Amino acid sequence: MTKPDMTLYLAAPRGFCAGVDRAIRIVELAIEKWGAPVYVRHEIVHNKYVVDELRAKGAVFVEHLDDCPDDRPVVFSAHGVPKSVPAAAQRRNMLFIDATCPLVSKVHIEAQRHHENGLQMVMIGHQGHPETVGTMGQLPKGEVLLVETADDVDALKPRDPARLAFITQTTLSVDDSADIIAALKQRFPAIVGPHKEDICYATTNRQEAVKAVAPHVDALLVIGSPNSSNSRRLVEVAARAGCGYTQLVPRAGDIDWRALDGVRAVGITAGASAPEILIDEVVNAFSARYRVQRKIVETATENVEFKVPRLLREGA
């Protein structure tokens, strides 16, 4: 039987960003330098395939520092941790390596600077997300107020409405953040914003690529894990951009082929924590069922690279 035709529009950029690449490399180098096991507080990045691969190499993933022994290295995930975590590790004389994405660390520094200037912070983010928890944990309790939607702005009760600044979770939707920022500025005209938008370059680039793909396709698949914030935001961006069907797909085996029945143009992208091997897996799954034509939709070129900590460079 002749395979039906299918055009795959591959968004670019997609997949790994510099912060994710650096975090994974940190765990790999730590295992090379000190041997297994190396403990990692929280998933190093939100992707099951990546976590399973590192676990096979000797990484042990835990949710709390109390689950780590004193005599083994521990890596803090790319999402960042509250100040209390490295402080506790220091008290225990633990060897720890911070794999926080440098762009998240930039937000931490920004929050600290505003705090030292006497400003109370408003954080735009998702409650309970590790990055939000880590960023809010940079300052004393009560110094960071969380908003998740524009409606939340009305309920804010700051200490001094004239002494506020805002920061943003890096993996949010650019469009959603814009609405919340507008609401903040309307209610608190004196609020201080970042010199440059906190949404990271990779989040922005991947969302713009999805918007460019959307007009050409009937459906769009986002390769990424369900607990990946930036992957879920790509699904939302695609839907808002007019895609009739969008699906978050951890692996090729998770594709709902029945939902794609009759579709002849599909967009494919991947969250910042999804490796290229999973994208190839999905493309190969389509090639097994269709006569595939591939088209690349590129909206930006990324050449960002973040160095691993010196302690690991010396051991490499």
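Structure summary
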| quantity | calculated |
| --- | --- |
| Cβ-Cβ under 6 Å pairs, at least 6 apart or on other chains, the stretch 23-39 side closer than 11 Å to Val60 by Cα, far side of a type in the set (Gly, Ala, Ser) and at pLDDT 95 or above | Val27/Ala59; Ile31/Gly58; Ala36/Gly58; Pro37/Gly58; Val38/Ala30; Val38/Ala59 |
| Given (1) within 28 Å of Glu63 (Cα to Cα); (2) assigned to a loop (DSSP other than H, G, I, E, B); (3) touching a Pro at 6+ places or on another chain (Cβ under 9 Å); (4) without any contact (Cβ under 8 Å) to a residue 40 or more places away in the chain, index of the condition Gln138 fails | (4) |
| Test: Val20 is in contact (Cβ under 8 Å) with a residue 24 or more places away in the chain and surrounded by 20 or more Cβ atoms within 10 Å (Cβ to Cβ) | yes |
| Among residues of the stretch 86-115, those that are assigned to a helix (DSSP H, G or I), farther than 17 Å from Pro140 by Cα and hydrophobic (A, V, I, L, M, F, W, C), counted | 3 |
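The values are calculated or read from the model by the stated rules, or taken from the named source; none is laboratory data. All values derive from a computational prediction rather than experimental measurement. Cβ atoms come from the backbone with ideal geometry, glycine included; neighbour counts cover every protein chain shown.
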